[in-house]
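A.B. asks: This structure is in structure tokens; I'll ask about it shortly.
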Amino acid sequence: MSRSFPGGLRSRPLDSVPSRLCRALPVALSLVLLMVLPGAPVVTPSLFDAAPGSTGWIGGLSAQSVPVSHEQFPQHPVLSHREQAGIVRGWIEKRFDSLLPELMRREGIDMWIIISREYNDDPVFRSMAPMETYSSRRRTILVFHDRGPGQGVERLSVGRFDYDGLFEVVPTHNDEQFEGLLEVVRDRNPGTIGVNMSGRWNHADGLTATQRDTLFATLSQYEDRIQSAEMLAVGWLEVKLPEETDMYRHVMRVAHSVIARAFSNEVIIPGVTTANDVRWWMRQTVAELGLGKWFQPSVSIAREGVEDRLSGDTVIQRGDMLHTDFGIVYFGLSTDTQHNAYVLRHGETDAPEGLRAGLRAANRLQDITLEQSRAGRTGNEALAASLAQARAEGLRPSIYWHSIGYHGHGAGVPLGMSDYQDGVPGRGDYIFRPNTWHSVELNTTHTVPEWGNQDVRFALEEEAVLTEDGWEWVVGRQDRFYLIR
């Protein structure tokens, strides 16, 4: 049975041959991917696209589900790499002009030196390079010098490459780059020099051992001025422009729409399709849309009477609850989403109440963690308060948030880890800051009466942005199952 889509596009469920689940899709289907298909869950919009009359709470998050039909969602195609490149370059330049001076002064760093080598990039480098650049060239030495209020930050590339005009080149031969760097430092005489070395933050530890040795030998007379730029690097990576947040909503809609298609009868035929078929369909679809990936999609199955999650070549059956962990990279921005689906038994029109109650419990845990996580509070403080409140309300929680953005597991405050429910040493003492993105990742265990009082884990993951006014979901959250017929 075929299904018609707006614009005359048609799609049919894939047949029983698993290999056909990865069949190439027409490029035109990218126009469909920004829709929520029938059977997909209703999501709760943020204030960015809230419906009139929605009920708001902390920072603008909606406390109730606001039904939104697929016609209400913006139907933008996936932009071409060429279109993305111009937008991304504009973001980088604006970030250099508006964010970097404030961050350098906040951290007390007059000069920031970032050294990368080809195919061995500093983790910060990717966020500063245009899309045309796939890696640093040979050895790249970037220098940022704060000239003071009103004068901005000078951007220099010691070597040969200006990276699409974002940096002023200080011409030096490859073998003389460090001598050129010494001259730059002498001429500007900074009081403090920051470099990316850190024992706590992997994103801020990009200076390799050999480059560190050469750098310190070259700048020996300035060694007492050199310090770790770890908090500058973290700040640079975690804080986002309003324009980036606006585009991130589009990015997230694309990610959610791939999940909506995967968790539908377009892809899943109960009794035929395997968990592996679905996850490889998701990965192939991402590739055909021209999007990037940062981890392999996963699909697992919770089944009545089976204690452990099933996956791999397990065939999906009616009555199963499905879970996916899925992320894309688009505009250089990473997503990370965990959603759930239910495969209807014959005669059912919705998931059993026990499963729906479990999903509501996970939604309540989301509410609690957002209430307890606010600007100025540390991740460990928010974790302890969230777990205490959740347990007091009768939930069985586990919380493991992370920051997200240029990296899937991004720089910024963590709120627990799966194996650190008593707090994350070091990094967990960092505070929440406005204009940052967070992947609200957690689960709660709930007893399902319809499954013989079986304990089932309900895991969710959604992106939220901490604004100056509080929290907003980037595009909404799952509060109903995707239903597969």
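A.B. asks: Identify all residues within the range 370-397 that are of a type in the set (D, E, K, R) and more than 22 Å from the chain's Cα centre (by Cα); write none if there are none.
C.D. replies: Glu381, Arg391, Glu393, Arg396
A.B. asks: What residue, of Ala385, Ala392, Ala411, is modelled with pLDDT of 95 or more and either within 23 Å of Leu359 (Cβ to Cβ) or hydroxyl-bearing (Ser, Thr, Tyr) (or both)?
C.D. replies: Just one listed residue meets the conditions, Ala392.
A.B. asks: Would you confirm, using the coordinates I've provided, whether Leu166 is hydrophobic (A, V, I, L, M, F, W, C) and either more than 33 Å from the chain's Cα centre (by Cα) or closer than 19 Å to Ile226 by Cα (or both)?
C.D. replies: Spelling it out, it is not the case that Leu166 is hydrophobic (A, V, I, L, M, F, W, C) and either more than 33 Å from the chain's Cα centre (by Cα) or closer than 19 Å to Ile226 by Cα (or both).
A.B. asks: Could you tell me whether the range 275-295 includes any residue that is of a type outside the set (Val, Ile, Thr), assigned to a strand (DSSP E or B) and touching a helix residue (DSSP H, G or I) at 6+ places or on another chain (Cβ under 9 Å)?
C.D. replies: Yes, some residue in the range 275-295 is of a type outside the set (Val, Ile, Thr), assigned to a strand (DSSP E or B) and touching a helix residue (DSSP H, G or I) at 6+ places or on another chain (Cβ under 9 Å).
A.B. asks: Can you find a residue in the range 214-226 that is assigned to a helix (DSSP H, G or I), touching a Pro at 6+ places or on another chain (Cβ under 6 Å) and either without any contact (Cβ under 8 Å) to a residue 60 or more places away in the chain or among the small types (Gly, Ala, Ser) (or both)?
C.D. replies: No, because not a single residue in the range 214-226 is assigned to a helix (DSSP H, G or I), touching a Pro at 6+ places or on another chain (Cβ under 6 Å) and either without any contact (Cβ under 8 Å) to a residue 60 or more places away in the chain or among the small types (Gly, Ala, Ser) (or both).
A.B. asks: Take the range 79-126 and flag every residue that is acidic (Asp, Glu), more than 23 Å from the chain's Cα centre (by Cα) and crowded, with 18+ Cβ neighbours inside 10 Å.
C.D. replies: Correct list: Glu107, Asp110.
A.B. asks: Taking the stated definitions as given, is Thr285 out of contact with any Phe, Trp or Tyr (no Cβ under 9 Å at 6 or more places or on another chain) and closer than 30 Å to Arg89 by Cβ?
C.D. replies: Considered against the rule, which asks whether it is out of contact with any Phe, Trp or Tyr (no Cβ under 9 Å at 6 or more places or on another chain) and closer than 30 Å to Arg89 by Cβ, Thr285 comes out as yes.
A.B. asks: If you check every pair at least six apart or on different chains, which have Cβ atoms under 6 Å apart with a residue in the range 298-309 that is surrounded by 15 or more Cβ atoms within 10 Å (Cβ to Cβ) first and a residue that is of a type in the set (Val, Ile, Thr) second?
C.D. replies: Val299/Val278; Val299/Thr324; Ile301/Thr314; Ala302/Val456
A.B. asks: Output the residues belonging to the range 269-309 that are farther than 20 Å from Leu460 by Cα and aromatic (Phe, Trp, Tyr).
C.D. replies: Trp280, Trp281
A.B. asks: What pairs come up if the first residue lies in the range 341-352 and is assigned to a loop (DSSP other than H, G, I, E, B), the second is among the charged types (D, E, K, R) and surrounded by 13 or more Cβ atoms within 10 Å (Cβ to Cβ), and their beta carbons are under 6 Å apart, counting only those six or more places apart or on different chains?
C.D. replies: Leu344/Arg485; Arg345/Arg318; Pro352/Glu450
A.B. asks: Out of the range 366-415, which residues are among the acidic types (Asp, Glu) and either surrounded by 23 or more Cβ atoms within 10 Å (Cβ to Cβ) or within 24 Å of His339 (Cβ to Cβ) (or both)?
C.D. replies: Within the range 366-415, Asp367, Glu371, Glu393 meet the criteria.
A.B. asks: Also, quick follow-up: More than 30 Å from Leu483 (Cβ to Cβ) and either in a helix (DSSP H, G or I) or touching a residue at least 12 places away in the same chain (Cβ under 8 Å) (or both): which single residue out of Glu243, Glu266 fits that description?
C.D. replies: Being more than 30 Å from Leu483 (Cβ to Cβ) and either in a helix (DSSP H, G or I) or touching a residue at least 12 places away in the same chain (Cβ under 8 Å) (or both) holds for just one of Glu243, Glu266, which is Glu243.
A.B. asks: I would also like to ask the following. Quick one: which residue in Arg318, Arg261 is surrounded by 19 or more Cβ atoms within 10 Å (Cβ to Cβ) and in contact (Cβ under 8 Å) with a residue 24 or more places away in the chain?
C.D. replies: Checking each option against the conditions leaves just Arg261.
A.B. asks: Among Thr273, Thr324, which is the only one that is within 18 Å of Arg345 (Cβ to Cβ), modelled with pLDDT of 95 or more and among the hydroxyl-bearing types (Ser, Thr, Tyr)?
C.D. replies: The unique qualifying residue is Thr273.
A.B. asks: Also: Give the residue, chosen from Arg105, Arg82, Arg89, that is in contact (Cβ under 8 Å) with a residue 24 or more places away in the chain, farther than 21 Å from Ser228 by Cβ and either in contact with a His (Cβ under 7 Å, 6 or more places away or on another chain) or not in a strand (DSSP E or B) (or both).
C.D. replies: When all the criteria are applied, what remains is Arg89.
The values are calculated or read from the model by the stated rules, or taken from the named source; none is laboratory data. Computed from a predicted structure; not experimentally measured. All Cβ positions, even for glycine, are placed from backbone atoms using ideal geometry, and neighbour counts span all protein chains on display.
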